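The values are calculated or read from the model by the stated rules, or taken from the named source; none is laboratory data. It should be emphasised that the depicted structure is a prediction, and the values quoted were computed from it without experimental measurement. Every residue, glycine among them, receives a Cβ derived from its backbone with ideal geometry; neighbour counts consider all protein chains shown. The area values use the complete protein model at the heavy-atom level, side chains included, leaving out ligands, DNA and RNA. Shrake-Rupley method; radii C 1.70, N 1.55, O 1.52, S 1.80 Å.
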Amino acid sequence: PTPSQLTTAVGDMETAYTDAVGRTVTNSNTNLHDGALGGKTLTAGVYKYTIGVDIGTGTELYFDGSATDVFIIQTTGSVTQAAATKVTLKNGAKAENIFWVVAGEVTVGAGAHMEGILLVKTAVKFITGSSLNGR
């Protein structure tokens, strides 16, 4: 990519981040499960966290919805996914409709699998053997 293309890509990401972070929380989805999302199932909506989000050891996070359902996870903290854990899509949910809007950093542990689009202000770290279906 050229410097001009990189500048455009960064600007587009900043626009997407600003749009996603400005979305209104749905239902009672503020600090749901105190940020401990391992073993949980999320349905379509906007989830806001003023704390870090954790997908703990030995657990999976499920996104359950149709191919058109949108999931937005906003956090002013960081997202940490433990080694050998998975984010799993159910009933037609698509990675392209899952937006992780993170002010801190995202860390995906060794051998873990993440789904979705990462809009991250600080840093994204994929440890050995981890993977992402998304962007």
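Could you tell me whether any residue of segment 61-70 is closer than 20 Å to Arg135 by Cα and in contact (Cβ under 8 Å) with a residue 40 or more places away in the chain?
Checked against the condition, which is being closer than 20 Å to Arg135 by Cα and in contact (Cβ under 8 Å) with a residue 40 or more places away in the chain, segment 61-70 yields at least one hit.
Which one is nearest to Thr43 (Cα to Cα), of the residues in segment 60-76 that are within 14 Å of the chain's Cα centre (by Cα) and part of a loop (DSSP other than H, G, I, E, B)? Write out each step before concluding.
First, the residues of segment 60-76 that are within 14 Å of the chain's Cα centre (by Cα): 60-63, 70-76.
Going one step further and asking which of them are part of a loop (DSSP other than H, G, I, E, B), we end up with 70, 76.
Values: Val70: 9, Thr76: 21 Å.
Restricting to residues being within 14 Å of the chain's Cα centre (by Cα) and part of a loop (DSSP other than H, G, I, E, B), the top hit is Val70.
Please count how many residues of segment 77-109 are open to solvent by 40 Å² or more (accessible area, probe 1.4 Å), hydrophobic (A, V, I, L, M, F, W, C) and not in a loop (DSSP other than H, G, I, E, B).
Qualifying residue count, segment 77-109: 2.
Among Ala9, Ala20, Ala36, which is of a type in the set (Gly, Ala, Ser), within 15 Å of the chain's Cα centre (by Cα) and open to solvent by 40 Å² or more (accessible area, probe 1.4 Å)?
On the way: Ala9 fails: within 15 Å of the chain's Cα centre (by Cα); Ala20 fails: open to solvent by 40 Å² or more (accessible area, probe 1.4 Å).
Within the list Ala9, Ala20, Ala36, the selection yields Ala36.
Select from segment 110-131 the residues that are among the charged types (D, E, K, R), in a strand (DSSP E or B) and touching a helix residue (DSSP H, G or I) at 6+ places or on another chain (Cβ under 9 Å) and list them in ascending order.
Just the residues of segment 110-131 that are among the charged types (D, E, K, R), to begin with: 115, 121, 125.
Then keep just the ones that are in a strand (DSSP E or B); that gives 115, 125.
The one that is among the charged types (D, E, K, R), in a strand (DSSP E or B) and touching a helix residue (DSSP H, G or I) at 6+ places or on another chain (Cβ under 9 Å): Glu115.
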